[in-house]
Number of protein chains: 4
Amino acid sequence: MTGLRGYFPPRTATGAASLIPSPPWHYSGDLLTVEYRTDPARVRELLPEPLEPAAEDPGAVALIWADWQSCAAGGRELLDPVLSQYKEAFAVVRCAYRGRTYSRCVYIWVDKDFAIARGLQQGYPKKFGSIHQTRPHPYGPAPRIGPGARFGATLAAADRRLAQAVVTLREPSGTGGFVNGHPMAHHRRLPSIENGKGPALDELIESGAASFEGGQPWVGDAELELFDAPTEELARLEVREPIAAYYRQVGVVWDGGRLLESGTSGGQ
Amino acid sequence: MTGLRGYFPPRTATGAASLIPSPPWHYSGDLLTVEYRTDPARVRELLPEPLEPAAEDPGAVALIWADWQSCAAGGRELLDPVLSQYKEAFAVVRCAYRGRTYSRCVYIWVDKDFAIARGLQQGYPKKFGSIHQTRPHPYGPAPRIGPGARFGATLAAADRRLAQAVVTLREPSGTGGFVNGHPMAHHRRLPSIENGKGPALDELIESGAASFEGGQPWVGDAELELFDAPTEELARLEVREPIAAYYRQVGVVWDGGRLLESGTSGGQ
Amino acid sequence: MTGLRGYFPPRTATGAASLIPSPPWHYSGDLLTVEYRTDPARVRELLPEPLEPAAEDPGAVALIWADWQSCAAGGRELLDPVLSQYKEAFAVVRCAYRGRTYSRCVYIWVDKDFAIARGLQQGYPKKFGSIHQTRPHPYGPAPRIGPGARFGATLAAADRRLAQAVVTLREPSGTGGFVNGHPMAHHRRLPSIENGKGPALDELIESGAASFEGGQPWVGDAELELFDAPTEELARLEVREPIAAYYRQVGVVWDGGRLLESGTSGGQ
Amino acid sequence: MTGLRGYFPPRTATGAASLIPSPPWHYSGDLLTVEYRTDPARVRELLPEPLEPAAEDPGAVALIWADWQSCAAGGRELLDPVLSQYKEAFAVVRCAYRGRTYSRCVYIWVDKDFAIARGLQQGYPKKFGSIHQTRPHPYGPAPRIGPGARFGATLAAADRRLAQAVVTLREPSGTGGFVNGHPMAHHRRLPSIENGKGPALDELIESGAASFEGGQPWVGDAELELFDAPTEELARLEVREPIAAYYRQVGVVWDGGRLLESGTSGGQ
């Protein structure tokens, strides 16, 4: 009866069953980003104290589709790709904390359990969804990356479509967007096992890429539709004004973050 | 910028998007339980200090399939059943803590995200799986509950079959099994966001049904097969000696638990 | 190089890989039926010659959810329930052929491949969908069958919700509905492999249950919503007037049908 | 009551609900091909008269994974990618008919209903499966196409893994393999609706790409494992001797085929 091994439950004598291995986590992926402005009050209402709205353009939102292959050190998951491939769609806003601007994921849907577990560690509020995005391809009817290339992207959860976008590329860009470009300020929170008590875990953490490489970003325009659903609030971030849309291929490493503060989000 | 609402992430101004509502949680379900003995050392190696092996029959294991409909107070989820129905398969052992016998779920697979979230709260080490079990039916080829009725049950994860059982009922029983009959002693644990530090959350909690009702249990025999997989360890709980198998329909309410102790499971 | 075996492709030396075994096919299931009247012209436009609208109540539609366990002779599939369980939702209208009234399934969605294959044989125009319906249960929050019992039923395809209903039972009934109560008049049709030629297969067939047993039907009311989707036309059968809703458990055997005529549906 | 429209069921007044549009069908995809030799008798037993074994290398098998984006003329499906993207794994052998060599798909699994429908038209014996293959990527841990690049590929159906391969690329190649390089000789077959009668449709057809473009093929070696399952026979095509493995990106158009003969495959 020594200690158990494994970065995450289920923890065992060997650690082999852990839902996720310890970081660093490595990612290859294609990002389709749609940036727009919503009512800044709709962003503000998603920012618990001590977070504040971003000083500039506080109503900016990025809705991002990502098609990932991921693995831990060693990369074994890449050769059994049901363990490495997943897709996600997520909404990012910006906020300020102690005078610094952060990005913050307010909604996210993924299609694999290991991605949900990583999100728990990183403070992403993950749910399950069905996510699709057009992939560029050098042959046949799928788009080549270039002026006029069109990509579709859709998100559904609980058998309802929540969002769909069509992105048309225009030209190379110096950036892949600005909303998701800061370190993330996320909460990690779990209610007490005892009803009526404050949360057992309540952390504000900072996290970001330990390293990043990326191809040429392309910029263009998007038609974006958001749909209501009884257990979702993405559509509250209604589209007031389009900003731009981006396509980019990236490689990312995530290797932990930093505790900003603890015990301040309030509530049960 | 007041506090956010919602029992679970994503937390919002209204709380409507929370992946799960606050307890109590209500369940209607069919349980198919296969009990057997494995090498007690294989159970012991899954029990972190201060848990100890059960004093009697320490190698007993229950592998349980459950077909659930669940909801919070109000029951709205029952009328949009993609939000209430889920299936699970889980392995339970017994252990002792401060002289009392507990049940403990060591592996569990479910097929919905809200079930994963509830498991985080309750300390079940949930992964995603594909779970199937034969349902009794009063007409046609499916079994009536009675002597000789046969039920199949299967579990797969990551595109590999992990377990399959065929249960044949023999007679009514005074019990639905003994391995899963105690309060649960579970860990709730999340690594630190900062690499190299001890866990951010590390609780040993006690939890069980706030109320329970159940139909007549039936007992019989099972043929059970467990299969190896690279990221699973269920098959380490190898079948040494069958005990019995049970079928029972139940109604359960879960409404929180109790913190036993904190910060003792060790490791990162 | 003798002949291959197997009722359906893939056909092999042993026949074991056939997607479906030969009939008779046996079914145990729960049916949730919502009957309503639509514009009779919307029904008529789905009836190719020589089919004619039903003489009475030609705008009647039944939208039926079914939760099945099914098998061929021997019943082996019941013990590996991923091979026997499936769910479906389908729209049925009535028509007349040579003076006799028939039922006809105009749209149907299922969630397993073997169900699609059976539909090809039986002339059901099956697509894939995600189908859910509340199941009655004797314990916990799920409904007991009885006055006031409420059942939800939903249908989605291609990540869009197509239909949802809430059925409230009122009382026992002498019938489970009238729209799906006749033999089925279905087309079996496959285009020519050569572009521009008429269909390679073009049959009007009659088919129905070889035997049937059923429990007490219950009748009540339904709230039904249909939703548009780019590649679906179910919502064209718009709800003009509710008729009734039914719940019933049944056992059915299907064992082939009869060719009515061939080569008359027209078109490519 | 004029004729109905639509290339495939369900046929309607507008044709919009047809599960698949009429050809030509356009495809962009990545192919991972593993070629090996099995016992020629195992190939021969899958060839119904009048097909004969290929004169040379009659035990050659190609097991091919493909990751597709597909559409009809207009390409609308590409912008709602749940309607265009699918994956498949299929086993191809060669045969001879009237002195000419053909390729023939003997087993195939896909993950979308529209792909099943196309297979019915083309004579592919499609089932549902879960298919994964590593995708090359210019950044992060996923492989770049080049010497030493490693790709995993897996296939599961009915919650059981059926095949898995790891392919390691070595060098550019003049070919992407030879087993799947001929026109396809396929059967299209549907049993009679009347039990005991011969098939309602029984065609031997020839079909192939109407046009094809492809990138540089790469050749390498594969480790391939096949697994038994109760309702599958892929593993009968056991690996006796590896030939080679290939990676290639392609664009393909399919636009119908030609009837070779009818009514000769025998059986019910």
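Take segment C:2-54 and flag every residue that is without any contact (Cβ under 8 Å) to a residue 40 or more places away in the chain and either on the phi > 0 side of the Ramachandran plot or among the charged types (D, E, K, R) (or both).
Residues satisfying the conditions are C:Arg5, C:Gly6, C:Arg11, C:Gly15, C:Arg44, C:Glu45.
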Of the residues in segment D:138-153, those that are under 16 Å from D:Val167 (Cα atoms), surrounded by fewer than 22 Cβ atoms within 10 Å (Cβ to Cβ) and at the interface with chain A (Cβ under 7 Å from one of its Cβ atoms) come to D:Arg150
From the option list A:Ala73, A:Ala55, A:Ala16, single residue qualifying as aliphatic (A, V, I, L, M), over 16 Å from A:Arg118 (Cβ atoms), touching a Pro at 6+ places or on another chain (Cβ under 9 Å) and open to solvent by 30 Å² or more (accessible area, probe 1.4 Å) is A:Ala16
Using the structure shown, decide if D:Val43 is closer than 21 Å to D:Ser211 by Cβ, of a type in the set (A, V, I, L, M) and away from chain A (no Cβ under 14 Å). no
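Inside segment C:139-158, can you point out the residues that are small (Gly, Ala, Ser) and in a strand (DSSP E or B)?
Scanning segment C:139-158 gives C:Gly152, C:Ala153, C:Ala156, C:Ala157.
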If we take segment D:159-268, then strands (runs of 3 or more DSSP E) inside it with 3 or more residues that are closer than 29 Å to D:Arg100 by Cβ, touching a residue at least 24 places away in the same chain (Cβ under 8 Å) and open to solvent by 30 Å² or more (accessible area, probe 1.4 Å) are D:201-214, D:241-262
Subset of segment B:87-108, residues buried (at least 22 other Cβ atoms within 10 Å of the Cβ) and β-branched (Val, Ile, Thr), comes to B:Val92, B:Val93, B:Val106, B:Ile108
Do we have any residue at all in segment A:80-93 that's more than 30 Å from D:Gly129 (Cα to Cα), away from chain D (no Cβ under 14 Å) and part of a helix (DSSP H, G or I)? no
Going through segment D:196-253 in order, the residues found to be touching an Asp or Glu at 6+ places or on another chain (Cβ under 7 Å) and either at pLDDT below 95 or of a type in the set (Lys, Arg) (or both) are D:Arg240
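Consider A:Glu213 carefully, then state whether it is of a type in the set (D, E, K, R), within 7 Å of another protein chain (Cβ to nearest Cβ) and more than 24 Å from B:Ala17 (Cβ to Cβ).
Values: of a type in the set (D, E, K, R): yes; within 7 Å of another protein chain (Cβ to nearest Cβ): yes; more than 24 Å from B:Ala17 (Cβ to Cβ): yes.
Judged against the criteria, A:Glu213 is a match.
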Scanning segment D:22-38 for residues that are open to solvent by 40 Å² or more (accessible area, probe 1.4 Å) and under 22 Å from D:Ala60 (Cβ atoms) gives D:Arg37
Exactly one of A:Pro9, A:Pro21 is within 26 Å of A:Gly129 (Cβ to Cβ), in a loop (DSSP other than H, G, I, E, B) and at the interface with another protein chain (Cβ under 9 Å from one of its Cβ atoms), and that one is A:Pro9
Restricting segment D:84-133 to residues that are in contact with a Gly (Cβ under 9 Å, 6 or more places away or on another chain) and free of Cβ contacts under 8 Å to residues at least 40 places away in the same chain, the one nearest to D:Trp68 (Cα to Cα) turns out to be D:Ser84
The condition of being out of contact with any His (no Cβ under 8 Å at 6 or more places or on another chain), more than 7 Å from every other protein chain (Cβ to nearest Cβ) and at positive phi holds, among D:Arg118, D:Arg98, only for D:Arg98
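The values are calculated or read from the model by the stated rules, or taken from the named source; none is laboratory data. As the structure is a prediction and not an experimental result, all values here were calculated from the model. Ideal geometry is used to build each Cβ from the backbone, glycine not excepted, and the neighbour counts take in all protein chains shown. Just the protein is used for accessible areas: all its heavy atoms, side chains included, with ligands, DNA and RNA removed. Shrake-Rupley method; radii C 1.70, N 1.55, O 1.52, S 1.80 Å.
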